[in-house]
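Following: one structure in structure tokens, then a few remarks.
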Amino acid sequence: MSLPVHAQREGGSDRGPSSPFHPVDINHPTHIALVEPDTAFWGLVARDRLDETLAGGPLLETWRAKAADFAREMDMLRFHLKPSAVYFNATERCNLNCSYCYIPSDMRRGGTQMDRDRLLAALETLHGYFRGHMPADRLPQVIFHGAEPMLARDAIFAGIEAFKDRFRFGVQTNATLLDEEAIAFLTGHGVGIGLSLDGPTARIADRTRQRWNGDGVFDHVVRAIERLDGYPGFNVICTMTEENLPHLTQLVDFFHEKRVPACMLNVTRCTQPGARGLKGDDKAVSDAFLAALERTHTLYRETGRKLVVANFANILIAILAPTARRLMCDISPCGGGRSFFALAPDGALFPCSEFIGLDTFVGGNLFTDRIDDVLESAPFRKVIDRKVEDIEGCDVCPIRHFCGSPCPAEAHEMNGGMHRKGAFCAFYEEQVRYAMRLIADGRHQDFLWDGWDEGTEVACAIGA
Ligand code: SF4
Ligand code: SF4
């Protein structure tokens, strides 16, 4: 059961008779949020001025003046993007057997893998597609993604070398195969590098991330983090599970000490049954997550060096400047199949890597079908057409455009259909409350990348 985000005013109704604003109690001592859900417009008002603000004044006037512009902006963001990125799975195989992996184990043990020629042909086709609609000064993005891309290292490195001027590249790896030579190649080519580590000690980290024979990989990942010291383009993902929640604050200390520039503290995606058994409950996840965020703030204040928690920073940005967000899970429809798609080693195209292994979500094949047709296929439309307005509970939720009700894959597999919520409703509510509290206290910039707002302009600022 999720916590109510609506603040009920005494007397019954939760907003004025004609007010478009929904009060959201953010658990702040002096302030409350007012949100107009459809346009994602919001303001923070003193609790003792709630009634007069709902009745009229600058907030309402500004919303009336700008509502059509904001609605257009949200409509563009939600329904009119074209893909600019691809999650490129060059191999189904993995040398690890992590407990929560979304890729079925038989695929990871012995699945297919692209060779060099096939990978180069795939990049050529993708480049032709992206160039058809992206401006010449903007490079499309290719992220080599799970299972373990470094098992296809020779083919991937050949692709990066051949297409280095035509794509921005990233690689998401378990780090076990990142030797000196690989790191020199990737950093020398400016490739974004994401690693995975679930705990500050081997005892904790190795509970969820292990080799097939049960051996842990903590030492390998730490060695890779140390080798990447000083490289700005790397981050570390931690998947929050029951196993590591009590140690999240310690993990943040560990990342900061290792000079990791950004991390993600992700919830377990519950698409596959293995992940569901490890999922912490919303309250435990929220408490641990917010404590870890506070710890990053203390560390920043003590040292002047930030450890940005990127998935939370994205929620803050979704509130401050909706169209500037970088990740596309917390918007509805999510980015799957519309701002990016995923490619499997046999050429199969999925809306998102999260669907790999679910055959009914194959929209077509890169080597035989037109990408534009695949984007309109029934499996893709199923994901692209999932929107908060059609999900019971989310349809009346004031923060629905800061949350997006992720994730369609887990809603489908765990909760019985696309038009159900995902697994962590109450956790998303807590994140939005906390983000609003930070804004109320003027602390929010400390949780964001320096320069995150370059290229944005202030569309609206009222009061102090
Ligand atoms: S919400 Fe799920 S399907 Fe959508 S982009 Fe995120 S992981 Fe992929
Ligand atoms: S939009 Fe998010 S926070 Fe709101 S009800 Fe849906 S899942 Fe919960």
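The numbers here are math on the coordinates, done by the rules we state, and not lab data. Bear in mind that the values here come from a model prediction, so they are computed numbers and not experimental data. Every residue, glycine among them, receives a Cβ derived from its backbone with ideal geometry; neighbour counts consider all protein chains shown.
Relative contact order for the chain using alpha-carbon pairs under 8 Å, separation at least 6, rounded to a whole percent? Walk me through the numbers on the way to the answer.
On the way: 830 pairs, mean separation 73.4, N = 464.
After rounding, I find 16 percent.
When the convex hull of its Cα atoms is viewed from all sides, segment 307-378 shows a mean projected area of 6.1 nm². Farthest toward the positive end of the dipole of the chain, out of 202, 56, 319, is the Cα of 202, where the dipole comes from beta carbon charges about the Cα centre. Highest mean packing first, where packing is the average number of other Cβ atoms within 10 Å per residue, the peptides 382-388, 347-353 line up as 347-353, 382-388.
Which whole number in µm²/s is D for segment 181-233 by Stokes-Einstein, with the Kirkwood Rh taken over Cα pairs at 37 °C and 0.692 mPa s? The partial results should precede the final answer.
Working: Rh = 12.1 Å.
Rounded, D is 271 µm²/s.
The long axis of helix 282-303 is offset from the longest Cα principal axis of the chain by roughly 90 degrees. Taking GluC sites (Glu not before Pro) in DSSP loop states with no more than 10 other Cβ atoms inside 10 Å as exposed sites, the chain has its longest site-free stretch at 11-391.
For segment 337-376, what's the relative contact order in percent, using C-alpha pairs closer than 8 Å and at least 6 residues apart? Provide the component values of the computation, followed by the final result.
Working: 51 pairs, mean separation 13.5, N = 40.
Across segment 337-376, relative contact order equals 34 percent.
Backbone geometry of segment 414-420 corresponds, through the Karplus equation with coefficients 6.51, -1.76 and 1.60 at θ = phi - 60°, to 3J(HN,Hα) couplings of 9, 10, x, x, 4, 9, 10 Hz, x marking Gly and Pro.
Extension gain for the segment residue 154 to residue 396, taken as residue separation times 0.36 nm less the Cα-Cα distance, is 82.1 nm to one decimal.
Tell me, what are the semi-axes, in whole angstrom and largest first, of the equivalent ellipsoid of segment 120-246 as set by the roots of 5 times the Cα gyration tensor eigenvalues?
On the way: eigenvalues 185, 44, 38 Å².
That gives 30, 15, 14 Å for the three semi-axes.
When each of 63, 42, 212 is scored by the number of other beta-carbon atoms lying within 10 Å, the sequence from fewest to most is 212, 63, 42.
Rounded to the nearest 0.05, what FRET efficiency do residue 257 and residue 84 have when you use their Cβ-Cβ distance and R0 = 45 Å?
For residue 257 and residue 84, the calculated efficiency is 0.80.
Over 21 Å apart at the Cα level, from the set 387/421; 164/258; 258/306; 82/387; 283/421; 382/421, are 164/258. Across all directions, the average flat footprint of the convex hull enclosing the Cα atoms of segment 372-464 is 8.8 nm². Note on segment 185-295: antiparallel DSSP beta bridges, both residues inside, total approximately 10 percent of the bridges counted. Spin-label model, residue 324/residue 372: points 7 Å from Cα along the beta carbon direction are separated by 3.4 nm.
Our coupling estimate for segment 171-178, obtained by passing each phi through the Karplus curve with A = 6.51, B = -1.76, C = 1.60 and θ = phi - 60°, is 9, 10, 9, 7, 6, 5, 10, 7 Hz, Gly and Pro reported as x.
Charged side chains reduced to their Cβ positions (Lys and Arg at +1, Asp and Glu at -1) give the chain a dipole of some 200 debye around its Cα centre.
From the largest down, segment 66-169 spans 54, 35, 15 angstrom on the principal axes of its Cα atoms. Per residue, the average separation of C-alpha pairs within less than 8 Å and at least 6 apart gives segment 343-464 a relative contact order of 14 percent. Over all Cα atoms in segment 97-137, the spread is summed up by Rg and Dmax: 15.9, 42 Å. Our Cα-only numbers for the chain put the radius of gyration and Dmax at 22.2, 70 Å.
Can you put 80, 189, 419, 297 in order of Cβ neighbours within 10 angstrom, beginning with the fewest? Can you show the working numbers first?
Values: 80 9, 189 12, 419 19, 297 15.
Fewest-to-most ranking of 80, 189, 419, 297: 80, 189, 297, 419.
Residues in segment 78-90 carry Karplus couplings, in order, of 8, 10, 10, 7, 10, x, 10, 8, 9, 8, 9, 9, 7 Hz; the curve used is 6.51 cos²θ - 1.76 cosθ + 1.60 with θ = phi - 60°, and Gly or Pro positions show x. The label-point distance for residue 223 and residue 48, in a model that sets each label 7 Å from Cα toward Cβ, rounds to 6.3 nm.
Could you give the angle, 0 to 90 degrees to the nearest 10, between helix 310-320's Cα long axis and the longest principal axis of the Cα atoms of the chain? Long axis of 310-320 versus the principal axis of the chain: about 40 degrees.
For the chain, give the share of DSSP beta bridges that are antiparallel, in percent and rounded to the nearest 5; count only bridges with both residues there. Intermediate results must be reported in sequence, preceding the final value.
Values: 17 of 45 bridges.
Of all bridge pairs located within the chain, approximately 40 percent are antiparallel.
Once every DSSP H run of n ≥ 4 in the chain is given -39500 (n - 2.57) and the sum is divided by its residues, what mean residue ellipticity at 222 nm do you get, rounded to the nearest 500 deg cm²/dmol?
On the way: 17 runs with 169 residues, N = 464.
Calculated mean residue ellipticity at 222 nm is -10500 deg cm²/dmol.
With a/c under 1.5 counting as rounded, go ahead and sort segment 112-172 into rounded, prolate or oblate using the C-alpha gyration tensor (a ≥ b ≥ c being the square roots of the eigenvalues; past the cut-off, prolate if a/b is larger than b/c, else oblate).
Numbers: a/c = 2.11, a/b = 1.75, b/c = 1.21.
Taking the square roots of the gyration eigenvalues as a ≥ b ≥ c, segment 112-172 is prolate.
The Cα center of segment 194-236 and the Cα center of segment 257-333 differ in position by 18 Å. Seen against the Cα atoms of the chain and their longest principal axis, helix 425-440 is set at about 60 degrees. Hey, if you put +1 on the Cβ of every Lys and Arg and -1 on every Asp and Glu Cβ in segment 273-392, which of 341, 298, 308 ends up farthest toward the positive end of that dipole? Checking the options against the dipole of segment 273-392, the answer is 298. Under the simplified labelling scheme, the residue 117-residue 443 pair shows an inter-label distance of 5.9 nm, with each label point 7 Å from Cα along Cα→Cβ. With neighbours defined as other Cβ atoms within 10 Å of a residue's Cβ, the residues 263, 403 order from fewest to most as 263, 403. Shape class of segment 335-418 from the alpha-carbon gyration tensor: prolate, with a/c at 1.5 or above and a/b greater than b/c.
Between residue 69 and residue 346, what length in nm is gained on full extension when 0.36 nm per residue of separation is reduced by their alpha carbon distance?
On the way: separation 277, 0.36 × 277 = 99.72 nm, distance 4.33 nm.
Result for the pair: 95.4 nm of gain on full extension.
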